[in-house]
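Worksheet: the structure to be examined is printed underneath.
The values are calculated or read from the model by the stated rules, or taken from the named source; none is laboratory data. Remember, it's a predicted structure, so these values are computed and weren't measured experimentally. All Cβ positions, even for glycine, are placed from backbone atoms using ideal geometry, and neighbour counts span all protein chains on display. For the accessible areas, the whole protein counts, side chains as well, though only heavy atoms, and no ligand, DNA or RNA atoms are used. Shrake-Rupley method; radii C 1.70, N 1.55, O 1.52, S 1.80 Å.
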Amino acid sequence: MTVRVEYVGTASSDGADVTDLQLQPGEASGVVPNSADLRSLAGPRQWRNGVVPRSADEVIVLANSDRAAPVRVDVTPSAAGQVRVGSFRFGRVAGPVWADAETSTAPTGWGRPPVLTERSDGHLQVLTDQPLHMTVGWSDRS
């Protein structure tokens, strides 16, 4: 495999250092930070959050836990709209909602909240017709 990275800047721009590359099939899914930058520690509660635009994007949750871990997903849509994260369907929501796989609870919706698999990052398909803020949390299990 040969990988070529090309940076095209402007006459006044600084150079760019390439430190990490993510290779995946198909179209690019977005920016993924280096897990070393997130300072993940085994044992304590981990949290990842970000904004998901109105789309059907796959969100990559950097985890790499030693054992599978159930997660809690919190979503806050910018306006009333349909929300689905993985196989959990929140339905049409107008404010903050959540689903917790560890306790099998949620104030609204149906389906199975996500579980991060052993030694793997989480890949969550997010379907929404409104931009939303999503937070995913779990406890690493060793």
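Overview of values
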item	result
Selection count where residues are of a type outside the set (Gly, Ala, Ser), part of a loop (DSSP other than H, G, I, E, B), closer than 22 Å to ASP57 by Cα and open to solvent by less than 80 Å² (accessible area, probe 1.4 Å), scope segment 101-116	2
Residue pairs meeting the criteria (Cβ under 6 Å; at least 6 apart or on separate chains; first under 16 Å from VAL115 (Cβ atoms), in segment 62-83; second of a type in the set (Asp, Glu) and assigned to a strand (DSSP E or B))	ARG72/ASP100
Selected residue [under 16 Å from the mean Cα position of the chain (by Cα) and at negative phi] from ALA94, ALA99	ALA99
